[in-house]
Every structure is written in C-alpha cells, then in structure tokens.
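Asks: My structure is below; once you've seen it, I'll send some questions.
The values are calculated or read from the model by the stated rules, or taken from the named source; none is laboratory data. Fair warning: this is a prediction, and the values are worked out from it, not measured in the lab. Heads up, the Cβs are rebuilt from the backbone with ideal geometry, glycines too, and the neighbour counts pull from every protein chain shown. All accessible areas refer to the heavy atoms of the entire protein, side chains included, with ligands and DNA or RNA removed. Shrake-Rupley method; radii C 1.70, N 1.55, O 1.52, S 1.80 Å.
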Amino acid sequence: MAFSETFTIIENENSHPPRLFDDYQKGTSGKTVDLDVQLTAALREKHPDLIVTSVPSSNCNLLQFAAAGFATADMDKDSEPVLRWRGFIGPSHRGGSGFLADNIFFAKYHYKWNNEDFILYTVRIGYGSVQYILKEPRGDETTFSHSVITDALLASIGAWLIKEVPAIYVFDGFWSRSTKLWEQVEKASWDDVILDPKMKKALTEVSGKFFDSKDIYDEYGVPWKRGLIFHGPVGNGKTISLKALMRTLYHRDSPVVTLYVKSAPQSFHIRAVFQMARAMTPCLLVLEDIDTIVTPMTRSYFFNEVDGLENNAGILMIATTNHLDQLDPGLSKRPSRFDRKYLFPQPNKEERTLYAEYWRKKLKNKPAIEFPKTLCGAIADITDDFSFAYMKEAFVATLLDLARNHAMGDISDEEGDSEDGDDDDDDDDDELDKYLLWKVFKAQVKILRGEMDSGSSTSRRLGVGGHYGRYEALSAENEEMLPLLENARFRGFPQPCKDPALAAEPLKAHTLGTAALSPLSSIDSLANKVPKLSNGVWEWGVVTI
C-alpha cells in the first residue's frame, strides 16, 4: 500500500514493516501476565526509530476526538489485519431503523492532528482497550522519552473532555453528567411553580443569598455551608421547585452547578458524593428522597462527612422527603446539618385556582378548547384534597379524552352526567355544562376520586394516601428527574465516556468497579459535538466553571 506523503516521515512508503498483529495473536493465544508489556516491547523492536506512548482508551480516546472533528483517523487495512465484531444496533426510539456497527479489538490507523502525523494502534486487552501512539523524536528526544507532540495531542484531548457545558451531575453508584436532564431543568421556571407567594419568594432568595454571602460567613467565623429540607406529601411541587432553583443558580453571573444524588447505598458511595461536592464548590447538592439515601447502614458515615474535619465550604445541601416524621432525628433536628425546613402541603383552594389558571394560560392558544376564567374556581371546588400531581393527571386525562373524541368525531354528553344526586350544585353545573372541557374534567375527577378511595396504585403514585416507595412517588410532573445517565467527563475524576453520541468504545471501568457489558452494547455513531477551538487546537487553561 502506498501511503500519502504526510505519513512518510513515520514510515517508509516502500517498506513492508513487520506486523504487530502476529505478536498480538501469539500473546492472546497463550498464557500471559501482561500483554501490554509484550506489545510495547514488540512495537519498540519493530519501530526502533519511533517513540511508543501507551494510553488507555478510557482516559484520552483518540478515535472519539477524531470523530468529533478535531483530528482524522484512517484505518490501515493493508499493513495490519483488523480484528472486530460486527453487530446490529437497534434504534433508540420505537420506529427507528437501527444500523450496523463494528466493535474493534485490534486495528491500526494513520492519525493526523494539527498538521502532525502519527501511527495509532488500538488494542483490546481484557475488559479495556489500550492505544499505542507512535511518533518520531524531535530535538533532544530519544525513543525512550516522552514525545512533546504526542503530549500536546493528549493535553488537547484532555482539555476538550473537561470543557464545561451545562449539565446536571448525577450520582447512581458513580458520577455521570447528564445534558438531557439539564435540558429538562432549562425548561423549568418559577412561573410554573404554584406556591404560597411568601414561600416562593423565600425559596428564590435563600440560595442566592447563601452563595453571595461567603464574606459574611467568614466575618462571623462560621462554616460557609447550609442545609435545607423540602418536605410534604408527594406531588406538591418539591421537584419542580428544585428544577427552577437549579436553573436560577446556573444562570447567575457566577454559575453554580448542581449535583443530584439518585442513590448511594454504601459508605464508599457517600464518600464519593462528598468528594465530588468538595471538588465542584460552590455547588448545589441535591439529595432526592433522603430517607432512601441515608440508611441505618450509612447514617454514621454521612454525619461524619457533613460534620467531620473536611472542608465543606460552598456546599448548599437540599434534601427532599415525603415523610419528615420518619427521618432520623440527626437529620431533621440537628441545625448544623439542615437548618431550615420548607413544607409543601396539599394545595388549598386558592392554590388550586391558581393551578387551573396556569393550565388556562397554557391552553389559551387552542381555539378548539373553551376554557373561560369562571371554570378555574369551579375546578378548584371539585378538586379538594387533590395534590398538584393529581390535578395535572386530571387535566392531562381530560385533554387526552377530548383529543380522542375529536379524532373519532364522537363527543358524548354522558361524560358530564352526575350520579351523586347533589342537588345543591345542579344550577351551577347547568350553567357550566355548556363547556365540554368542564364536563370531561368532572368525569375525570370522579374517576380519580374513585381511585383515591380504593387506594389504587395511581393514588399512591400521585400522592394520596398510603406509603410511597421511591419510584412510586415520581409523578408525571417530575418524571424528568428520573436518571438520564450519560457521559462522565469532569476534572479529577477519570471515567469512561458513556454518552451515546461519543461511545466509540464499550463501557469499561468506572471509579467504583468494572461494568462488564456486551462490547456491542454501546457502539453508536459519533457526531453532534462541536465545542469551540482556540486557533485550531484545544489548550489547557481554556476551561471555565
């Protein structure tokens, strides 16, 4: 094979270099202590004039960097064999077509970055993958020294990996960074939060004042940290308030990142949570359903992390719970841990009216739906004891029913018929029954009340009666808070890339163990990542938090 001229610096285009694959095959076909040692020695023997640099793919993945458009990688299929699996990757959503993809165990590439040419081998060793970068020495370099050019390439990849983009950091046994969850947070607004005005004002001010008050804490000689608890029945605004707060903090002049803890069942998980929080200060640390995170097994360790000798300055903790009375007193009654509690009760009539007004505004551009203001008070009257989540369920079910009937051309009057024989409300109902939305809404409320009375799974999920499990309590209002785990890329925590948009390699080890997944499980196309460059090259020092 005649290589392009740019590669003649590294390899003679007329030569036929010995194949590393033969050594790889020999090494993997027999007993081995450390295949990396054997391959490095073989490469040095076969290319005595080049510097060999070994880099784990989970650290700085050169192929991902090239796929993102910052370098080129052309597979050399002539001078070395290619060892790979071929498989089908199903669509990420129903109705998609899927595609075929390779999982490569052994390959050689001609790699080019910043007008520099390299030889690159990617080799699967055990559950991991190692990259061997070959480059000619420059200046006083020897074949056993580091290559300044190779180091510059790795530094550029590292700077690209840790570049901050808006995201929510999620912990579920290990840290990951979710841009999809951030997209849901970005949609949140305090305008969507229906709360007592004084309480909403307090919530919007408390966090901002904390992060602006470091000097005051220092002046009084007290630790710059706070803890808040959001409590109350499920479905009444705790999560939507959290999302609005996350968005507000990130859009400050000095952005505050959010760390969201989904689960941390072991003591070393608690340790990993606080290590990350200290590294990311100032930050908001969210402990959703803290009663499922701080258990009898981890309670003492958690208290030690909060109150121990290590510095937690700049950490604002917000814990949520549906059962404040069941929390350990060390959490709920110790001011040094959580000094302020905010109750999110079942909405009163005024708040239910405001919530109906909120939906009225959402539907004002839907001419097919008549929703006069007079319906808001009536809706509040018939939804007594409903949580906001339950009210949302009633509105969504109503709209779905209207859409179905409209599509079928079958609008039935029976949906608004009353069977309870309440004569006191007949006159009001007669006046309002001319509005189809009202008739269907009443029917849906009746169905939901029946479920409330029976203690069905829906009533438990939406916050009426019973004991709610961690995931039962997630209503339609806050389903976005379900974990959307993606790529883990941040300073000081080397982990594999798990973002489907960047997953050229199978999931390997994270800081707490090894995930032995099918090598084909995470292959995907590499695209849609366009960070900014500095004169064509990523450099250290361009990262802003």
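Asks: Within segment 330-353, track down each residue that is open to solvent by less than 40 Å² (accessible area, probe 1.4 Å), closer than 30 Å to Ala313 by Cα and either in a helix (DSSP H, G or I) or free of Cβ contacts under 8 Å to residues at least 24 places away in the same chain (or both).
Replies: Gly330, Leu331, Ser332, listed by residue number.
Asks: Can you list the helices (runs of 4 or more DSSP H) lying wholly within segment 425-464 that have 3 or more residues being open to solvent by less than 30 Å² (accessible area, probe 1.4 Å) and modelled with pLDDT of 80 or more?
Replies: Ranges flagged: 436-454.
Asks: Please go through segment 202-218 and pick out each residue that is of a type in the set (D, E, K, R) and either buried (at least 20 other Cβ atoms within 10 Å of the Cβ) or in a helix (DSSP H, G or I) (or both).
Replies: Glu205, Lys209, Lys214, Asp215, Asp218, listed by residue number.
Asks: Another question about this same structure. All but one of (1) open to solvent by less than 60 Å² (accessible area, probe 1.4 Å); (2) over 25 Å from the mean Cα position of the chain (by Cα); (3) β-branched (Val, Ile, Thr) hold for Thr72; which doesn't?
Replies: Failed condition: (1).
Asks: Let me ask you something else. In segment 354-373, how many residues are open to solvent by 40 Å² or more (accessible area, probe 1.4 Å) and outside any loop (DSSP other than H, G, I, E, B)?
Replies: Total meeting the criteria: 5.
Asks: Taking segment 180-201 as the region of interest, how many residues are over 21 Å from Gly235 (Cβ atoms) and open to solvent by less than 20 Å² (accessible area, probe 1.4 Å)?
Replies: 0
Asks: Does segment 168-179 contain at least one residue that is in a helix (DSSP H, G or I) and surrounded by fewer than 17 Cβ atoms within 10 Å (Cβ to Cβ)?
Replies: Yes, the conditions are met somewhere in segment 168-179.
Asks: Against the condition β-branched (Val, Ile, Thr), open to solvent by 10 Å² or more (accessible area, probe 1.4 Å) and in a helix (DSSP H, G or I), how does Thr281 come out, does it pass?
Replies: Against the criterion (β-branched (Val, Ile, Thr), open to solvent by 10 Å² or more (accessible area, probe 1.4 Å) and in a helix (DSSP H, G or I)), Thr281 does not qualify.
Asks: Considering only residues of segment 374-408 that are over 21 Å from Thr239 (Cβ atoms) and among the hydroxyl-bearing types (Ser, Thr, Tyr), which is least open to solvent (accessible area, probe 1.4 Å)?
Replies: Thr398
Asks: May I pose another question? So which of Gly235, Gly221, Gly308, Gly314 ends up being surrounded by fewer than 22 Cβ atoms within 10 Å (Cβ to Cβ) and touching a residue at least 60 places away in the same chain (Cβ under 8 Å)?
Replies: Gly314
Asks: Out of Ala71, Ala67, which single residue is under 18 Å from Leu134 (Cβ atoms) and in contact with a Lys or Arg (Cβ under 9 Å, 6 or more places away or on another chain)?
Replies: None of the others qualify; the one that does is Ala71.
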